[in-house]
């Protein structure tokens, strides 16, 4: 299996990579963009450090993703697997593996607590699976028209992010 394993924050732009037996064009495209921050993982000398995330890239296959998610999450109750569509090339699933507490929703919640902002004063706009927990937290939640068809029914839709989604979503709230 091809994967990237990211250093802990604040150095989480740095990562190790591992090329498995099966070539993956998308893995190589991601690597090409980020090779200046990558080091090859030596399986004989695994670094003794914390990690903030694993990224596994597979061809788009819902059944394969669901099976891998189930298998990975069964390893430990502390692990959370999040699906994301590739921002580089259609037809690939990015499997993001985090600690269970890591999510966009928890991040927005912490910011609200720090700044004393009520949940009822929040707005979220997402375009993919990895935005769903944030949209479940925010009071006003929208998915862009370029979100995957399978999730578009979950929240009101707005135009794509290239067509002023934020402005259109705000207008629908203040009118």
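The values are calculated or read from the model by the stated rules, or taken from the named source; none is laboratory data. Just so you know, these numbers come straight off a predicted model, no measurement behind them. A quick note on method: Cβ atoms are made from the backbone with ideal geometry, for glycine too, and the neighbour counts reach across all protein chains shown.
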I'd like to know if the range 126-137 contains one or more residues that are surrounded by fewer than 19 Cβ atoms within 10 Å (Cβ to Cβ) and in a loop (DSSP other than H, G, I, E, B). no
Considering only residues that are buried (at least 20 other Cβ atoms within 10 Å of the Cβ) and modelled with pLDDT under 95, which ones fall in the range 145-157? 147
Looking across the range 76-110 at residues that are within 29 Å of residue 123 (Cβ to Cβ) and over 15 Å from the mean Cα position of the chain (by Cα), the single one that is surrounded by the most Cβ atoms within 10 Å (Cβ to Cβ) is 109
Among what's in the range 138-153 and is in contact with a strand residue (DSSP E or B) (Cβ under 7 Å, 6 or more places away or on another chain) and either in the same structural domain as residue 62 (by TED's automatic domain parsing) or in a helix (DSSP H, G or I) (or both), pick the residue that is nearest to residue 62 (Cα to Cα). 151
Considering each residue of the range 89-103, count those that are farther than 14 Å from residue 29 by Cα, in a loop (DSSP other than H, G, I, E, B) and in contact (Cβ under 8 Å) with a residue 40 or more places away in the chain, and give that number. 1
Is it the case that the range 76-88 has a residue that's farther than 22 Å from residue 50 by Cβ, in a loop (DSSP other than H, G, I, E, B) and in contact (Cβ under 8 Å) with a residue 40 or more places away in the chain? yes
Give 73, 60 a once-over and let me know the one that is in contact (Cβ under 8 Å) with a residue 12 or more places away in the chain, in contact with a strand residue (DSSP E or B) (Cβ under 6 Å, 6 or more places away or on another chain) and surrounded by 11 or more Cβ atoms within 10 Å (Cβ to Cβ). 60
In contact with a helix residue (DSSP H, G or I) (Cβ under 7 Å, 6 or more places away or on another chain) and either modelled with pLDDT of 90 or more or more than 30 Å from residue 122 (Cα to Cα) (or both) - does that describe any residue in the range 19-37? no
